[in-house]
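A short worksheet on the structure shown next.
The values are calculated or read from the model by the stated rules, or taken from the named source; none is laboratory data. Nothing here was measured: the structure is a model prediction, and the numbers come from that model. Neighbour counts are summed over all protein chains in view; Cβ atoms, including those assigned to glycine, are modelled from backbone coordinates with ideal geometry. Surface areas here come from the heavy atoms of the whole protein model, side chains and all, with no ligands, DNA or RNA. Shrake-Rupley method; radii C 1.70, N 1.55, O 1.52, S 1.80 Å.
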Amino acid sequence: RTLTCSSTSKRATVAATEKGSLANRTPENDSMLKVAKGQPTDVTPVWLFRQAGRHLPEYNEYKAKTGKNFLDLLMSPACVAEVTMQPLRRYNLDAAILFSDILVISQAFGIEVEMPGGKGILIPHPLESPKDLSRLPESIDIEDKLGHVLESVERINETIEKEGHQVPLIGFSAAPWTLLFYMVGGASRKNSDAGMNWLRQYPEDSKLLLDHLTTVVIDYLDKQVQAGAHMIQVFEAMGEFIEEKEFNEFAMPCMVRIAQELRLRHPSIPLLNFPRDAMYGLPACQAAGYDVVTLDLSADRQQTKALLRDQALARGEVPARLQGNFDPALLLLDGGASNTEIAQATRTMLTEFGPQDVIANLGSGLMGKEDPAKVDISLTKYTPSAESSSWNPSSAAHPT
């Protein structure tokens, strides 16, 4: 089952779908939504960062068949819907996540993005100094610049409903610091200090840029919800490349504003946050109002759970739910763990997290060299025991 891949977007030429007519409005499998809202569930919900894409043979076959590269695929709502659906057809997952990229907002600002194979993300013409801010538009029309993403959201939900998967769809965006990091020439493999240099050399201009980015992120996520996204994930993917002081001064205020504004616009939509490699930021993310906070591979599950619980209780609030943090290295085709070790690691993770208020996920995204069979084993469903914090495997069958 595949969808025809087209580079056109009907949303650019016709009015947006009325919300009442959107597909998959109330998915039958609402375990993800329940956990995010603090409600008990019979089975631990699970989805994976980068669950669609390079580790799946069907993705690589589809990419070759269409003759499109990654960025080309993202411009076609039909292609995005097809790729988003592939892991749902293969695995027993409790959510779909929009197949997109963290830098689509940077592209909407006119920043050229390249992704040559094996070289990571490249920005040929970064913002080198505040004078380059004049290159950026004063405002972004989301429907105009990112309408293809919004149509993708609609098409994904239509396909979820048509194929009978009945799971929610997660929309997402990069957080403003992550966007700034790349826009000024930062990269994880080189120039990793470019973002911090901007913050220190041009603090006021950095705040202006971050504020501008925050406004667009809010409007972009708002439009995704209007198009049918059931949950919103905010990725602060470049937490490794910002110091804690600057994180609190520059990055965190943006994420606070995002949470506050989306809560005003969409009170019932769960908000998820992942300040990867900046686990010191989890208490602030919880205090900002994110329903779910994500642990990376460095975080101690029980200590983090206790820390967030104590902070929330001191404020008279309900603790944020937790998400994470299985090690994807165990799933590698070459050098990964055995099937028995994977199953045990899953049980250990859920025992330490459990028994409720947890979404099983990874501590970092799949990179493309994982074995789908091992991924499948890690997705075994576990039922929380009412009597203890132990977890008992269920016999949930995989969808056909």
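Considering every residue within the range 338-345, establish whether at least one is closer than 23 Å to Met231 by Cα and either touching a Leu at 6+ places or on another chain (Cβ under 7 Å) or of a type in the set (Lys, Arg) (or both). No.
Just to be sure, is Lys207 free of Cβ contacts under 8 Å to residues at least 60 places away in the same chain, of a type in the set (Lys, Arg), over 30 Å from Asn24 (Cα atoms) and in a helix (DSSP H, G or I)?
Yes: the conditions hold for Lys207.
For the range 149-185, filtering for residues that are touching a helix residue (DSSP H, G or I) at 6+ places or on another chain (Cβ under 6 Å) and not in a helix (DSSP H, G or I) leaves 8. Residue-level check: of (1) in contact with a strand residue (DSSP E or B) (Cβ under 7 Å, 6 or more places away or on another chain); (2) in contact (Cβ under 8 Å) with a residue 12 or more places away in the chain; (3) open to solvent by 40 Å² or more (accessible area, probe 1.4 Å), Trp47 misses just (3).
Just to be sure before I move on: is Glu151 acidic (Asp, Glu) and either touching a strand residue (DSSP E or B) at 6+ places or on another chain (Cβ under 7 Å) or open to solvent by less than 10 Å² (accessible area, probe 1.4 Å) (or both) in the structure I sent? Considered against the rule, which asks whether it is acidic (Asp, Glu) and either touching a strand residue (DSSP E or B) at 6+ places or on another chain (Cβ under 7 Å) or open to solvent by less than 10 Å² (accessible area, probe 1.4 Å) (or both), Glu151 comes out as yes. Being in contact with a helix residue (DSSP H, G or I) (Cβ under 8 Å, 6 or more places away or on another chain) and open to solvent by less than 70 Å² (accessible area, probe 1.4 Å) is the filter here, so list the residues in the range 313-323 that pass it. Passing the criteria: Pro319, Ala320, Arg321, Leu322.
Might you let me know whether the range 94-103 holds any residue that is of a type in the set (D, E, K, R) and open to solvent by less than 30 Å² (accessible area, probe 1.4 Å)?
Filtering the range 94-103 down to residues of a type in the set (D, E, K, R) leaves 94, 101.
If we keep only those that are open to solvent by less than 30 Å² (accessible area, probe 1.4 Å) as well, we get 94, 101.
Within the range 94-103, one or more residues are of a type in the set (D, E, K, R) and open to solvent by less than 30 Å² (accessible area, probe 1.4 Å).
Look at the range 350-361: where a residue is under 14 Å from Leu297 (Cα atoms) and a partner is of a type in the set (Val, Ile, Thr), sitting 6+ places away or on another chain with Cβ atoms under 9 Å, you get Phe353/Thr44; Ala360/Thr44; Ala360/Val46; Ala360/Thr346; Asn361/Val46; Asn361/Thr294.
For Leu127, are the conditions met, namely being open to solvent by less than 10 Å² (accessible area, probe 1.4 Å), farther than 29 Å from Glu28 by Cα, of a type in the set (A, V, I, L, M, F, W, C) and touching a Gly at 6+ places or on another chain (Cβ under 8 Å)? Here the answer is yes, as Leu127 does meet what is asked.
Considering only residues that are among the polar types (S, T, N, Q) and out of contact with any strand residue (DSSP E or B) (no Cβ under 8 Å at 6 or more places or on another chain), which ones fall in the range 50-79? Step through it out loud before you land on a result.
Step one: of the range 50-79, the residues among the polar types (S, T, N, Q) are 51, 60, 66, 69, 76.
Matches in the range 50-79: Asn60, Thr66, Asn69, Ser76.
Scanning the range 60-93 for residues that are aliphatic (A, V, I, L, M) and open to solvent by 20 Å² or more (accessible area, probe 1.4 Å) gives Ala64, Leu71, Met75.
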